[in-house]
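Worksheet: one structure, shown below.
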Amino acid sequence: MKKEHEIMLIVGIFYLIFILLFISKFNFNPSATIELSEKSIPQYNGKLSHNLVIQKGDGFDGQYYYIIATDLLHKRSLVSLVWFQRIVYPLLAYIFVLGDISLLPWSLLLINFFSIILGTYLFIKILKKYKANLNLAYLWALNAGFLIAITRDLTEPLMFLFIMLAVYYLEEKNILLSSFFFVYALLTKEATLLILLPLLCFFLVKRRFKDLAIFSIPLLAFLIWQVTIFIVLNKFAIFSYGGGFVFDLPFTGVSKYLLWVEFPENPREVYHYFSILPLLFFSVIQIYTILKSKIQKFTPYLGILLFQIFIMFTLKFRLYTEEIDGMGRYAISLFLFSILYSVERKQKYDCWLILIMIFMSFLFFAERLCQIINYFVVP
């Protein structure tokens, strides 16, 4: 068996076992990954499927993608349009089951499962191009962000499949196809901008104006979709998020977190408090590895990596919340371009960075499987 096939098989088996272990707590009901909250059910005026796992709490973002998939025209649901702008994931879920709403829980789950597998395959192809250690693909495939997303029906696995396709075709010098997949990534989740914007800045600085114009197409597509939502629903989706702005002045959130003197007493809050630290350590060590290396050429991977580090230090660290969920998902792009930058320079990947990635993945894996979720099943 070829090494790449072996990696994909192991990754597939791992996620299959992980998913089964999680949904086994709900009598193997796949709707548990939606994390549909009883508080959110009134936001939907239509008819939901039977036998859904319903949480006593706030649930998570996956519930909104499920509700949107049951109501693509947004005629019955009252969920915020910020999730409606991420249309690709619920749209694909609806298409794959041919409109059979009862199968949507499986569709949402399987899209993410195969997105991780296919994204890993593309990552391996890039590693092979640079003759790098293919085992680095495990760090990408088993990162904490994907472990978080697949058990919560979030958009990150699909978004990063499109991003990996864009990166792969960028490597192949097919700028048009690369831009095409950035369109789908951006319409899957607007966080793609955190990768696309530094790439556009790179082309601008290098005066590659043709590439700049081509990679501006995703921004145009995103704008057209926003205008379409406004025309149909009379409101811009990007301005409808009610959870507060997640960015702050550089280092403000970090300083508030590190200088905070009131230590949490609840064991779960202590866990959330310390779950932020690995990512901060990762960012600092990554900066050190960049500074100690001799940078002979400024590349897109380096530009994107530096931007991801900057973003990590401008995020608001909301204490007493499930920080590892948010931080782990933001870390996916940081981890990706950290590896790609190292591979591009033909450097041995720093062992401390590897250990932090593994630790974060293990931390969430253990927490997720040990977590006791209160729920009831609608008959």
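The values are calculated or read from the model by the stated rules, or taken from the named source; none is laboratory data. Keep in mind that this is a model prediction, so the values were computed, not measured. Neighbour counts run over all protein chains shown; Cβ positions are idealised from the backbone, glycine included.
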Can you pull out the residues in the stretch 126-151 that are in contact with a Lys or Arg (Cβ under 9 Å, 6 or more places away or on another chain) and in a loop (DSSP other than H, G, I, E, B)?
130, 131, 132, 133, 134, 135, 151
For residue 114, which of the numbered conditions (1) in contact (Cβ under 8 Å) with a residue 12 or more places away in the chain; (2) under 30 Å from residue 7 (Cβ atoms) fails to hold?
(1)
Just give me the residues in the stretch 86-108 being over 22 Å from residue 39 (Cα atoms) and touching a residue at least 60 places away in the same chain (Cβ under 8 Å), in sequence order.
87, 88, 89, 92, 106
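Are any of the residues in the stretch 241-261 in a helix (DSSP H, G or I) and modelled with pLDDT of 85 or more?
At the first step, the residues of the stretch 241-261 found to be in a helix (DSSP H, G or I) are 252-258.
Pick out the ones that are also modelled with pLDDT of 85 or more and you get none.
For the stretch 241-261, residues in a helix (DSSP H, G or I) and modelled with pLDDT of 85 or more: absent.
Criterion first (assigned to a helix (DSSP H, G or I) and touching a helix residue (DSSP H, G or I) at 6+ places or on another chain (Cβ under 9 Å)) does residue 154 satisfy it? First the steps, then the outcome.
Numbers: assigned to a helix (DSSP H, G or I): no; touching a helix residue (DSSP H, G or I) at 6+ places or on another chain (Cβ under 9 Å): yes.
So residue 154 fails the test.
Name the single residue that is modelled with the lowest pLDDT among those in the stretch 279-306 being over 21 Å from residue 201 (Cβ atoms) and part of a loop (DSSP other than H, G, I, E, B).
294
So is residue 57 small (Gly, Ala, Ser), surrounded by fewer than 20 Cβ atoms within 10 Å (Cβ to Cβ) and within 24 Å of the chain's Cα centre (by Cα) or not?
yes
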